[in-house]
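Trainee: Here you go, one structure.
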Amino acid sequence: MSAQPETPDCDVCIVGLGPTGLMMAHLMALRGLRVTVLEREPERYGMARAVYTDDQCLRIMQTAGLVDELHREMRADLPVRWLRKRDSTLAVIHDPRRTYGWPTANFLYQPAFEGRLEDALGRYPQVEVLRGRELVGLEQDADGVTARHQECTGTDYGKSSPRLTEGSQQELRARYLVACDGGRSAVREDFLQISMSGKAFPQRWLVIDLRAKEGAEPFAHLPFFDFHCDPELPVVSCPQPFNRHRFEFMLHDHDATEDFEQPGKALELLADFVDTDSVVLDRQLVYTFKALVADRWRDRRVFLAGDAAHMTPQFIGQGMNAGIRDADNLSWKLAEVIGGHADPVILDSYESERRPHAKAMMNLSVLNKVLVSTGNPVLTTLRDRVIPVARRTPGAATWLRQSRMKPRPRFRRGTFVGLPRAVHALDGQLFPQPPVRDAHGHAVRFDDAIGHGWSVIGIDVDPRRLLGLSERQDSTTPEPTWVDLLPAGRSAEVGPGVLPLELADSEVSRWLDKHGVMAGSIVVLRPDRFVWGVVIPGDDESFRRTVDFLTTIPPGLRSHPRTPRAVAAQSH
Ligand SMILES: Cc1cc2nc3c(=O)[nH]c(=O)nc-3n(C[C@H](O)[C@H](O)[C@H](O)COP(=O)(O)OP(=O)(O)OC[C@H]3O[C@@H](n4cnc5c(N)ncnc54)[C@H](O)[C@@H]3O)c2cc1C
């Protein structure tokens, strides 16, 4: 007699309900997974840490069906400035393009942001959020993970050790567990003994969160995200929604942390920037920062994500955003594997795809920290001379203004789930989100039109007709969305089940041209909008492999990710 397959309590147990856990839960639930979240804190955290998010992460929030309500509560599209002394501008970053459909610099108030995300989980009956439950142990076997959890009355968000209630332990069985339990992850440190590599920075920064007093407008004169590169007092000034503002001041070696965590000193520093009678101090806290990456992001059925996997110094505001990218990457892969549509081998690509980008962001953040806070006279002189020259030099000026130093969302060759050959420049790149019109001429968002699964985009061609594929008979494997992407001004007759989308401008056509993707080509997009592969006319090998991929069940079997270990070795 054969054993009955096990039915676990949930598909995925997520540990931690910070921004990473929240986005992970949304993106998994969207794809039909049954999710249980364990969060040790019984109440929501009332204080902000992250303030900035970018266009790529807004796009991920769009996939999760959340972007409109979240973006409404952000200060969107603000210019970023580097100032030598106050009001002497070194550089301005402001990119008016909307490559991914959203502005590049957006500012949020984290408690409101997280509150919206948590409330919105209520739309998924298959998501269970267990607040006040601490993960206290885990075991794995060939079929799943057993998570032991216990009642916790809180840690005051890290200020004290978890207060656990005796006799309240329970067990939960899941197919996989994703640790989104933050920088001090117990899953990473205690249960899996995975160490982190990188660097901790000794400089202390005083972070002050302010809000306006009733009826006052004390921040109206501070509409930019400003880095004051003043060797005597490096300062970051950061607008927030809801009439709030954040300042960060670098402390000197002789400054005592205790003094600066008192309102008196904080107000002294603020007096140069705002009318201190019009503001309320929400908190002032001294931080040091780390650039650390976990040596492994996976142990069999357990994954690390967000700060548990990588800790990014806050100087370019990418810590939370990296966690959102992790959620985007891992959620669809787990959904495909659990749904039986892909080989579990694709799960190794989570780390091989995400690690290089997370590390590159970290390096940029450290560079920005040095640029803003260096007291080295040679470096400051270099910075203050080179950047103004760059601003006057046409190519360099655009590079600066459009923030092209930011690591591109692109996977390295041979490390990602894609067409099993890496010859085309578009492979592994994040596809833009162009403005498009549907068959009725209505403006629609590209991603909303293509949905949250795989999509096959014909460039001015009906892709299904070109590949000779009729509608799949097998109803258990989700169909990709078939799109005929037409240049502006063109309409076309398409076959059944193919969506015609007309580009509203020529930006994406130019981008495709630049990469040699001409009319009659096909671009296959993964559920996270990264290019799986391109078939250009005459490339018979790619044609054959793409047809194989689209007709093979499970499709992921034909992917070829390298092992994370190989990639880690490359990137060190
Ligand atoms: C001053 C400052 C400014 C920043 N600015 C930005 C910014 O502008 N943009 C940006 O992108 N990032 C920024 N960051 C970084 C960002 O805040 C973090 O990267 C982000 O909060 C990490 O999210 P997370 O969900 O991975 O972890 P966390 O937010 O730390 O959440 C982890 C959760 O897990 C829970 N937990 C822990 N252990 C257990 C357990 N055993 N059982 C159950 N639950 C558990 C915790 O209670 C917590 O709720 C900033 C950070 C700081 C400090």
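Trainee: Hey, does region 235-247 have a residue that's basic (K, R), more than 14 Å from the ligand (Cβ to nearest atom) and under 18 Å from A48 (Cβ atoms)?
Mentor: Looking for residues that are basic (K, R), more than 14 Å from the ligand (Cβ to nearest atom) and under 18 Å from A48 (Cβ atoms), one finds none in region 235-247, hence no.
Trainee: Another question about this same structure. Within region 43-54, is even one residue among the acidic types (D, E), closer than 30 Å to Q150 by Cα and buried (at least 21 other Cβ atoms within 10 Å of the Cβ)?
Mentor: No; the residues of region 43-54 include none that is among the acidic types (D, E), closer than 30 Å to Q150 by Cα and buried (at least 21 other Cβ atoms within 10 Å of the Cβ).
Trainee: Regarding L400, is this residue in contact with a helix residue (DSSP H, G or I) (Cβ under 9 Å, 6 or more places away or on another chain), at pLDDT below 85 and open to solvent by 20 Å² or more (accessible area, probe 1.4 Å)?
Mentor: Answer is yes for this residue.
Trainee: Follow-up question, since we're still on this one. Go through region 75-101 and give me each residue that's of a type outside the set (D, E) and in contact with a helix residue (DSSP H, G or I) (Cβ under 8 Å, 6 or more places away or on another chain).
Mentor: Result: W82, R84, L90, A91, V92, I93, H94, R97, R98, T99, Y100, G101.
Trainee: Hey, another quick one. Do we find that A174 is assigned by TED's automatic domain parsing to the domain that holds I338, more than 9 Å from the ligand (Cβ to nearest atom) and assigned to a strand (DSSP E or B) in this structure?
Mentor: The answer is yes for A174.
Trainee: Right, something else. Kindly list the number of the only condition in (1) in contact with a Lys or Arg (Cβ under 7 Å, 6 or more places away or on another chain); (2) at pLDDT below 95; (3) more than 15 Å from W205 (Cα to Cα) that fails for G264.
Mentor: (1)
Trainee: Moving on. Read through the list (1) crowded, with 16+ Cβ neighbours inside 10 Å; (2) more than 19 Å from G158 (Cβ to Cβ); (3) in the same structural domain as A29 (by TED's automatic domain parsing), then give the number of the only condition that V80 fails.
Mentor: All conditions pass for V80, except number (3).
Trainee: Further question: Report, ordered by the first and then the second residue, all pairs with beta carbons closer than 8 Å, sequence separation of six or more or different chains, a first member in region 138-164 that is farther than 16 Å from E39 by Cβ, and a second member that is acidic (D, E).
Mentor: Here the result reads Q140/D299; D143/E6; G144/E6; V145/E139; T146/E139; T146/E171, each pair linking region 138-164 to a residue that is acidic (D, E).
Trainee: Right, S168: surrounded by fewer than 18 Cβ atoms within 10 Å (Cβ to Cβ), more than 27 Å from the chain's Cα centre (by Cα) and closer than 30 Å to R244 by Cα or not?
Mentor: Considered against the rule, which asks whether it is surrounded by fewer than 18 Cβ atoms within 10 Å (Cβ to Cβ), more than 27 Å from the chain's Cα centre (by Cα) and closer than 30 Å to R244 by Cα, S168 comes out as no.
Trainee: Quick check on A200: is it of a type in the set (A, V, I, L, M) and surrounded by 18 or more Cβ atoms within 10 Å (Cβ to Cβ)?
Mentor: Answer is no for this residue.
Trainee: Now for a different question. Among the residues of region 291-322, write down those that are out of contact with any helix residue (DSSP H, G or I) (no Cβ under 6 Å at 6 or more places or on another chain) and within 10 Å of the ligand (Cβ to nearest atom).
Mentor: D307, A309, M311, Q314, G317, G319
Trainee: Moving on. For region 55-81, which residues satisfy the criterion of being out of contact with any Phe, Trp or Tyr (no Cβ under 8 Å at 6 or more places or on another chain) and within 14 Å of the ligand (Cβ to nearest atom)?
Mentor: Matches in region 55-81: C57, I60, M61.
Trainee: State the number of residues belonging to region 18-41 that are within 6 Å of the ligand (Cβ to nearest atom), touching a helix residue (DSSP H, G or I) at 6+ places or on another chain (Cβ under 7 Å) and either modelled with pLDDT under 95 or in a loop (DSSP other than H, G, I, E, B) (or both).
Mentor: 1
Trainee: Are there any pairs with C-beta distances below 6 angstrom linking a residue in region 178-204 that is modelled with pLDDT of 95 or more to a residue that is aromatic (F, W, Y), with the two at least 6 apart or on different chains, and if so which?
Mentor: V178/F303
Trainee: Tell me whether region 365-381 contains one or more residues that are of a type in the set (G, A, S), open to solvent by 30 Å² or more (accessible area, probe 1.4 Å) and under 27 Å from L251 (Cα atoms).
Mentor: Yes, the conditions are met somewhere in region 365-381.
The values are calculated or read from the model by the stated rules, or taken from the named source; none is laboratory data. Bear in mind that the values here come from a model prediction, so they are computed numbers and not experimental data. As a convention, Cβ positions derive from the backbone with ideal geometry for all residues, glycine included, and neighbour counts pool all protein chains shown. Keep in mind that these areas ignore ligands, DNA and RNA; they rest on the heavy atoms of the full protein, side chains included. Shrake-Rupley method; radii C 1.70, N 1.55, O 1.52, S 1.80 Å.
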